[in-house]
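The values are calculated or read from the model by the stated rules, or taken from the named source; none is laboratory data. Owing to the predicted nature of the structure, the values given are computational and were not obtained by experimental measurement. Positions of Cβ are backbone-derived with ideal geometry, glycine not excepted, and every protein chain shown enters the neighbour counts.
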Amino acid sequence: MHVDEFLRNSQLAVSEKLPYVGKDRPLMKLRQLLRRLRPGVWSGWPEKAYQREGYQQRLQAVEEHLSECLDEAPAGPVRILSMCAGDGRDVIGAVRSHRRRKDVAAWLVELNSQSVELGKGYSVNAGLDRTLKFINADATIYSTYKNIGAADIVLVCGVWGHVPANEKSMLVRAISTLCKPGGVVIWTRGTSKGIGRVREIEALFAGTWWDKGRVTYTADAAWAIATYRYRGPAHELPADGQIFNFQKNAG
């Protein structure tokens, strides 16, 4: 049996016996285990993806947004948090030559150990090994962030396409707990299947505590890159529970 089929069948079998609710630990633990059982799905992904021009354009745009956020950050320490960070080349690319690099402390959360090791090597080469901390853990659960705390800048790049439709609002709520009041989130959304997918995410942020900042598109119009500022109160981070259930192709 192919590992993807095993994953689907295993989750289905458990869900029939144990329906998922927000803090259902047994099923949450099983999902984490099953994701770790198929490391080959994401092995070498950043290296392969960023050979494509579209991803190079997205990378450049994210770095530009992050550089602008660093420019605008108040004086003093700047905390950065990246979810599903891959090898962290977007954070490294923006911070390495920025005038605020000495103010930065960054946490990059990534489940794939190969990407984490690559990212650590990149950070050493950039002289940022004391600035960036890679966390080889599941970015989709709250407990991963318990020792990090709220950030001034949160990156959610290349993530929305892996979030089930009925859980996207859950991720927006989670970002509100991970971002400091006055802080920002940078997110990306693919547009290959229509601009409506960008509008869907914008609608989730609209009418809440978020102010829309800057939205740009890559030259090939395949990606939207957005910066939003959080104007709401500080929220206590839940001790545990699922932020969303990662799917390879959630749409």
Handout entry: Residue match in the stretch 63-83 (condition: surrounded by fewer than 16 Cβ atoms within 10 Å (Cβ to Cβ), hydroxyl-bearing (S, T, Y) and not in a helix (DSSP H, G or I))
Key = no
Exercise for the section: Report whether or not G182 is more than 25 Å from N147 (Cα to Cα) and modelled with pLDDT of 95 or more. Expected result: no
Handout entry: Residue check, D90 in the same structural domain as R58 (by TED's automatic domain parsing), in contact with a Cys (Cβ under 7 Å, 6 or more places away or on another chain) and more than 21 Å from S143 (Cβ to Cβ)
Key = yes
Fill in the blank from the handout: Of those in the stretch 202-225 that are outside any loop (DSSP other than H, G, I, E, B) and of a type in the set (A, V, I, L, M), the residue nearest to C157 (Cα to Cα) is I225
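One line per residue, one yes/no per condition, for (1) at pLDDT 95 or above; (2) outside the structural domain of T140 (by TED's automatic domain parsing):
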residue	(1), (2)
S10	no, yes
V14	no, yes
K23	no, yes
K48	no, no
E63	yes, no
P77	yes, no
Practice task
Return only the number of the condition from (1) at positive phi; (2) not in a loop (DSSP other than H, G, I, E, B) that Y228 does not satisfy.
Solution key: (1)
Exercise for the section: Give me a count of the residues in the stretch 96-122 that are buried (at least 17 other Cβ atoms within 10 Å of the Cβ), touching a residue at least 24 places away in the same chain (Cβ under 8 Å) and within 25 Å of I243 (Cβ to Cβ). Expected result: 13
Handout entry: Members of the stretch 210-222 found to be crowded, with 18+ Cβ neighbours inside 10 Å and either at pLDDT below 95 or under 23 Å from A174 (Cα atoms) (or both), listed by number
Key = W210
Problem - Residues of the stretch 142-182 satisfying the condition of being hydroxyl-bearing (S, T, Y) and closer than 16 Å to C84 by Cα - result: Y142, S143, T144, Y145
Problem - Yes/no for G207 being surrounded by fewer than 22 Cβ atoms within 10 Å (Cβ to Cβ) and either in the same structural domain as I225 (by TED's automatic domain parsing) or under 18 Å from R58 (Cβ atoms) (or both) - result: yes
Fill in the blank from the handout: Scanning the stretch 123-137 for residues that are surrounded by fewer than 21 Cβ atoms within 10 Å (Cβ to Cβ) and touching a Leu at 6+ places or on another chain (Cβ under 8 Å), the one nearest to I80 (Cα to Cα) turns out to be K133
